[in-house]
Amino acid sequence: MDVESFREFGKASVDYIADYIENIRKKKVLPSVEPGYLQNEIPELAPISGEPWQNILPDVDRVILPGLTHWHSPHFHAYFPTANSFPGVVGELFLSGLGSISTDWQSNPACVELEVRMMDWLAKMLGLPEHFLNESEGPGGGVIQNAASESTLVGLLSGKQRTVKHVLDKNPNLTPEDVKGKLIAYTSKESNSSVEKASLLASVPMRLLPTDSDCRLRGNTLQEAIQKDKAEGLIPCCVVASLGTTGTCAFDDLEEIGQICQKENIWLHVDAAYAGAALVCPEYRYLLNGIDHVDSFNFNPHKWFLTNSDCSAMWFKNTKDAEAAFKLKAAIPSNPIFEPELEHWQIPSSRRFRALKLWFVMRIYGVQGIQKHIRHQVSLAKYLEDLVTADKRFELLISSLGVVGFRLNGDDTATQKLLDKITERKNLYIMPYYYQNKLMVRFVVCSRLTEKEDIDFAWKEITAIVETMFNKNSRKNTKKKKDINAVILTKVAATTFPTDFNDKLNLGLFL
């Protein structure tokens, strides 16, 4: 493809994407294809000769879109938001078009320095402590990771390395293997499954602790677990706290947990993948109480911060701890060319130029634009909450930021039928979740395109299904009552009752 063809293809593709976003409401959010549908649509072998790009865009319509779940549809209310914005799309275009990656500063100065500055912009926007800034005098700093799961792994490995060093310094007769075999880490049973995965990759068992009635991990629960494990000869090395759990968007008590971690010299990592974006609004900064005790903090701009994936922001209180875990001796120069050395705070040896996306998004939206986006989506969730509480057929279980959990009154059967029908009709995408042993509809405001009319659409869809369910049950009950009445009247006609009993008989008692 030459430059002129690229210009034509690029412009046509931008038009295609713009049209797709503009008309996304018209599409059912879930596809209707069966597993393996692509096998008959795409040849078994790649073409021998190249094709013109004009053949490809129609095939996107024919082959790809029928099997696409429309994650940015205003009718997508599953999982958490997956950020998408036009500045983010253009940032991703530049990222790919420039084709730049970086290892150290010398490999790509702009890539490294823009990331350093963007991480400081982000930290200041969220109200994080100054010691997390790259520009601070202390050893703290921030870097862009691939995902929250990767950030959790990096935090866990850093905590593991720090604990091993601390124990060996106090017990020089031990070997690293002696210590590593006794390490234990903690998180709540409400944390994301990626936390357990990180423990497998780091070879550190992760204890899942119970939460309180609001799904929060509390300090006394953590302290009891630590005391029990220490009594059995285990060595606590890390706690992963959640600010905005996956299921219910609950917030672990960071102040209580942080004080215990500081006292016990345990690494504290915070996973705020979704909810961390809300910190851009000052009214949610109270969620940071206890942040001074935190060793590493992560949130995903690619969830709720309008920045296309992948872009996961992670900060360290002391980057030297991360370097101790990841910096190879062979990579240690006598005089670093540029500090901070971001390449030593991550698992990969190189990085994409992801800071470009952040730069574009933050410059075009500004702090106020991003605050407006967060507040708008929270207000939509509050609107849905009001709709739920006004309908006596439903029970509201949770409402936190953009997440609302509710169910039909009674046992789980009705709620399960509702969820099944929602999935069957494919007009909405909503996930189930169990809260305090109750099945609920877990509804999340996800798409940046979502407006009040979309919440009305969702509620109309939900209540229409419920009406059908109740009407069907009512018809069944009516038929059942008629059958019972026929049996009763037949028996009454064939039975001789005393006169006073006949006078007092109320057939309604049987109906």
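The values are calculated or read from the model by the stated rules, or taken from the named source; none is laboratory data. Only a predicted model underlies this, so the values are computations on that prediction, with no experimental measurement involved. With ideal geometry, Cβ positions are generated from the backbone for all residues, glycine too; neighbour counts draw on all protein chains shown. When the accessible area is computed, the model is the full protein with side chains, heavy atoms only, and any ligands, DNA or RNA have been set aside. Shrake-Rupley method; radii C 1.70, N 1.55, O 1.52, S 1.80 Å.
Just so you know, the Rg over Rh for region 1-73 is 1.02, from Cα atoms, with Rh as the Kirkwood radius.
Along its first, second and third principal axes, ordered by size, region 216-319 spans 47, 27, 24 Å in Cα coordinates. Each Lys and Arg adds +1 at its Cβ and each Asp and Glu adds -1 at its Cβ; summed about the Cα centre, the chain shows a dipole of about 1760 debye.
Taken per residue, the accessible surface of region 7-78 reaches 68 Å², heavy atoms only and a 1.4 Å probe.
By how many nm would the segment from ILE56 to ARG393 lengthen if fully extended, with 0.36 nm per residue of separation less the alpha-carbon distance? Don't skip to the end; give the middle numbers.
Values: separation 337, 0.36 × 337 = 121.32 nm, distance 4.95 nm.
Extra length from ILE56 to ARG393 when fully extended: 116.4 nm.
Computed on region 338-433, the Cα convex hull volume stands at 197 Å³ per residue.
The charge dipole of region 276-397, taken about its Cα centre with unit charges on the Cβ of Lys, Arg, Asp and Glu (plus for the first two, minus for the last two), comes to roughly 360 debye.
Applying a DSSP loop filter and a limit of 15 other Cβ atoms within 10 Å to the chymotrypsin sites (Phe, Trp or Tyr not before Pro) in region 306-397 leaves PHE338. Taking all Cα pairs closer than 8 Å and separated by 6 or more residues, the relative contact order of the chain comes to 20 percent.
The modelled label-to-label distance between THR423 and PHE94, using points 7 Å beyond Cα along the C-beta direction, is 4.2 nm. Computed from Cα atoms, the angle from the helix 193-202 axis to the main principal axis of the chain rounds to 40 degrees.
With a 1.4 Å probe and every protein chain left in place, work out the accessible area per residue of region 286-384 in Å², rounded to a whole number.
Numbers: 4100 Å² over 99 residues.
Here the residues of region 286-384 average 41 Å² of exposed surface.
Charge tally around GLY138: other residues with Cβ under 12 Å, Lys/Arg +1 each, Asp/Glu -1 each, net -1. Rounded to the nearest 10 degrees, the inclination of helix 355-390 to the longest alpha-carbon principal axis of the chain is 20 degrees. Each stretch of four or more DSSP H residues adds -39500 (n - 2.57); spread over every residue of the chain, this sum gives -14500 deg cm²/dmol at 222 nm.
Of the labelled figures [x] 111, 70, 47; [y] 82, 70, 53; [z] 94, 76, 37, only one reflects Cα extents along the principal axes in Å as derived from the coordinates, namely [x]. In a simple Cβ point-charge model (Lys, Arg +1; Asp, Glu -1; nothing else charged), region 1-116 has a dipole of about 560 debye relative to its Cα centre. Stretching GLN39 away from SER213 to a fully extended chain increases their span by 57.8 nm, per 0.36 nm per residue minus the current alpha-carbon distance. Toward the positive end of the charge dipole of region 100-164, about the Cα centre and with charges on Cβ (Lys, Arg +1; Asp, Glu -1), which of THR163, LEU126, ASN108 goes farthest? Sorting the options by dipole projection puts first THR163.
Roughly speaking, to the nearest percent, how much of the chain's 1.4 Å accessible area is carbon and sulfur? Can you show the working numbers first?
Working: 13800 of 25460 Å².
For the chain, the apolar C and S fraction of the accessible surface comes to 54 percent.
Rounded to the nearest 10 degrees, the angle from helix 452-493 to the longest Cα principal axis of the chain is 30 degrees.
Between GLU283 and ALA324, the FRET efficiency estimated from the beta carbon spacing at R0 = 51 angstrom works out to 0.85.
Once the Cα-Cα distance is subtracted from the 0.36 nm per residue extended length, the VAL14 to MET469 segment shows a gain of 159.4 nm. Positive end of the dipole of the chain (Cβ unit charges, origin at the Cα centre): among ILE260, ASN471, TRP345, the Cα lying farthest that way belongs to ASN471.
Here's the list of aspartates and glutamates a cross-link from LYS357 could span, going by alpha-carbon distance under 16 Å and ignoring same-chain residues fewer than 8 apart: GLU92, GLU113, GLU115, ASP120, ASP310. Along region 25-41 the Karplus relation, 6.51 cos²θ - 1.76 cosθ + 1.60 evaluated at θ = phi - 60°, assigns HN-Hα couplings of 4, 7, 9, 5, 5, 10, x, 10, 7, 9, x, x, 4, 6, 4, 8, 9 Hz to successive residues, with x for each Gly and Pro.
Efficiency by 1/(1 + (r/R0)^6): what FRET value for ARG7 and LYS452, r their Cβ-Cβ distance, R0 = 41 Å, to the nearest 0.05?
Working: r = 40 Å, r/R0 = 0.97.
The formula returns an efficiency of 0.55 here.
Say R0 is 35 Å: what FRET efficiency, to the nearest 0.05, do LYS165 and ASP292 get from their beta-carbon distance? Efficiency at R0 = 35 Å is approximately 0.95.
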